[in-house]
Every structure is written in structure tokens, then in C-alpha cells.
Amino acid sequence: MSRPQKGDSRNSSSTVTEFILVGFEQSSPSTRALLFTLFLALYSLAMAMNGLIIFITWTDPRLNSPMYFFLGHLSFLDVCFITTTIPQMLVHLVTKNHAVSFASCLTQMYLVFGVGVAECILLAFMAYDRYVAICHPLNYAQIMSQKVCVRLVCSSWIFGMVNGILLDYMTFRGPFCRENHIENFFCEAPIVIALSCGDPEFSLKVIFMDAIVVLLSPMVLIVTSYARILASILRRASSSGRGKTFSTCASHLTVVVFFYTSAMFSYMNPRSTHGPDKDKPFSLLYTIITPMCNPVIYSFRNKEMKGAMGRALGRGSLAQAESV
């Protein structure tokens, strides 16, 4: 698959109508086959685990607390997030045609922005929920009522979708007439903006300022919530209760570190620090590794979730036995 040269007319006069996702095309066939197997396994595992959590949190009446309500929506966001990028990457690992239309690239970027921003905000709300549950247990039911939880989830979705429109516009507002090769496995904004014919600095500055709002602001709320939780834990006399609460909070912070640091590298670093060898690992971290880790960190270490999964799998086995 040849790239357009600097003297090519595409760079000077023609308008780009499609993009080429370079992805892993420079890898050997055996390496691509190995990557396909690995990413397919990770994608299937993430879909299965998040799908199980969605089913359990939305059907098990014992899991009716705000924490599990938020967890179910987090898993749903993770399913949406990985589905916007990974299936396409899997197809490109086994085919030679890596072209995506202009409209497909725009749509994919909008979904990545919208769902990703919604997840950033939801993680902050989940940290606040843990803060209220641990530091204000007597007022927890009143503060985190069902109406409040629904409003918080809806606000994260609405802000994410509206924010996606702004970022999509800033990315695609100028014409594209330069090289159309994207050095990643999906349409990522900073890389696409660099291909624009116009001055990319204004768009990059807007995206940087937006990242401060949607990444740093929720992170401040998360850090503040867990700092107060930690202070409350240290005042407790019971070492067992202190250890259990600290373990839960440490798990949640692990997700935050994975997700936020990788997103910050992609959208808050200067262009000079970007490159295929640096962008791809961080992109993989927040597009597939974090959605796969979320169920493990949030759920499989939780006794109530383990019990609910056992009941769900038990019902499935019983129904299968009866059908036989």
C-alpha cells in the first residue's frame, strides 16, 4: 500500500475523501496474526465481562444501590467504547484495505469523544458516590437518591454527546488535502488535525482547553473525594473495616490512573511528543485495556457482585439442565 509522496497532487490540489489507518500494517504477517488473536481474545473477554455486569446490575434486585447503578452504566459505556474502535482494528489486521471514508472517520471520532467524555464524568460521579457512602453514611440514601443518580448519569451522557459535536467540528473544520495516512489504528483527533491544510494550532488549543475541563476537572473531584475517604478511613478504629474500604478505593483509583493518564497523553501533550510508537500503546491502554480491567477491578473483588454472578450463572445452568 503506497503512500502519497510530497509531490503528489493529492497533497496540493485534491481534497481528501478517505483516510488510511496505518495501524499495524508495517508488522509482519505472523505478528499481525498474533495481534489479531490477542486483541480478539481481549475484546471478547471485555464484552463478556461487561455484558455480564450489565445483566446482573439491571436484573438482580439485591443490587439496587447507587454504586451498582453507576457500575452498570459504566460497563455499558465500556461496551460502546471498545466497539467503536476494536472491531475495525481486527478487520484491518486480516485485510489489506485499510481505507475509511471521511464520514466513517468523523462518526468514529464523535463516538470516541462522546462515550469517552461521558465515562470521564461518570467515574467522577462514582468517586463522589463512594465519598458520600463512606463519609456520610447516615445521609447517603437521601443525598444519592434514585432521582439524583438518574440525573447524574443522564448529565454525563448529554455532556459527552454535546462535547463530541464541538470536538468533531474543531477536528474537521478545515479542508484536508495533505497526506491521508493516520498513524494509528483508529481516527484520533490530534493525528487527524495534523493532516489538515489549514493552521492546526487553533484546533489543537481548543481540544487542549476542552481536555482540561473534561479530564482535569473530574480528576480534581476524584482526588478530593478519595482524599477525604482516606482521611475518614484513617480515623477508624477497626483495622478490618479500614482495610476493606481502602482496598475498594485503591481498586477504583487504579481504573482512574489507567484511563486518565492515557487520555491525557493523547490529548494534552504537545504534538512534538507524539509518534506512532508512543501513540499506539496509550491508545490501546484506554480503548481496550481499561474497559477490560473495569469489570475485574470494580466487580470481581466485590462479594455482593460475586454472589450475584453465582446466582445468575446458577440460573443459567439450571435453565439449561431443565431444557435438556
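Among the residues here, VAL100 qualifies as under 26 Å from LEU166 (Cβ atoms) and hydrophobic (A, V, I, L, M, F, W, C).
Could we say that VAL91 is closer than 30 Å to LEU221 by Cα and part of a helix (DSSP H, G or I) here? In short, no.
Just to be sure before I move on: is ALA231 open to solvent by 30 Å² or more (accessible area, probe 1.4 Å), within 22 Å of GLY72 (Cα to Cα), of a type in the set (Gly, Ala, Ser) and at pLDDT 70 or above in the structure I sent? Against the criterion (open to solvent by 30 Å² or more (accessible area, probe 1.4 Å), within 22 Å of GLY72 (Cα to Cα), of a type in the set (Gly, Ala, Ser) and at pLDDT 70 or above), ALA231 does not qualify.
Per-residue answers, yes or no, for (1) hydrophobic (A, V, I, L, M, F, W, C); (2) surrounded by fewer than 18 Cβ atoms within 10 Å (Cβ to Cβ); (3) within 30 Å of ARG235 (Cβ to Cβ); (4) out of contact with any Ser or Thr (no Cβ under 7 Å at 6 or more places or on another chain):
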{"site": "ALA46", "(1), (2), (3), (4)": "yes, no, no, yes"}
{"site": "PHE70", "(1), (2), (3), (4)": "yes, no, yes, yes"}
{"site": "CYS105", "(1), (2), (3), (4)": "yes, no, no, yes"}
{"site": "ILE134", "(1), (2), (3), (4)": "yes, no, yes, no"}
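Picking from residues in region 48-68 that are open to solvent by less than 10 Å² (accessible area, probe 1.4 Å) and among the β-branched types (Val, Ile, Thr), the one that is nearest to LEU122 (Cα to Cα) is ILE53.
Can you pull out every residue in region 286-303 that is modelled with pLDDT under 75 and either farther than 27 Å from THR84 by Cα or crowded, with 17+ Cβ neighbours inside 10 Å (or both)? Hits for region 286-303 are TYR298, SER299, ARG301, ASN302, LYS303.
Cβ separations smaller than 8 Å between residues 6+ apart or across chains give the following pairs from region 139-154 residues that are in a helix (DSSP H, G or I) to residues that are surrounded by fewer than 16 Cβ atoms within 10 Å (Cβ to Cβ) and modelled with pLDDT under 95: ILE143/HIS136. From the list GLU188, GLU183, GLU201, the one residue that fits, being touching a helix residue (DSSP H, G or I) at 6+ places or on another chain (Cβ under 6 Å) and either in contact (Cβ under 8 Å) with a residue 24 or more places away in the chain or more than 19 Å from ALA103 (Cβ to Cβ) (or both), is GLU183. Checking the structure you have, find out if any residue of region 242-249 is at pLDDT below 75, surrounded by fewer than 14 Cβ atoms within 10 Å (Cβ to Cβ) and not polar (S, T, N, Q). Yes, some residue in region 242-249 is at pLDDT below 75, surrounded by fewer than 14 Cβ atoms within 10 Å (Cβ to Cβ) and not polar (S, T, N, Q).
The values are calculated or read from the model by the stated rules, or taken from the named source; none is laboratory data. Since the structure is predicted, the reported quantities are computational estimates derived from the model, not experimental observations. Positions of Cβ are generated from backbone atoms using ideal geometry, with glycine treated the same way; all protein chains shown enter the neighbour counts. Quick note on the areas: whole protein, heavy atoms, side chains included, nothing else; ligands and nucleic acids left out. Shrake-Rupley method; radii C 1.70, N 1.55, O 1.52, S 1.80 Å.
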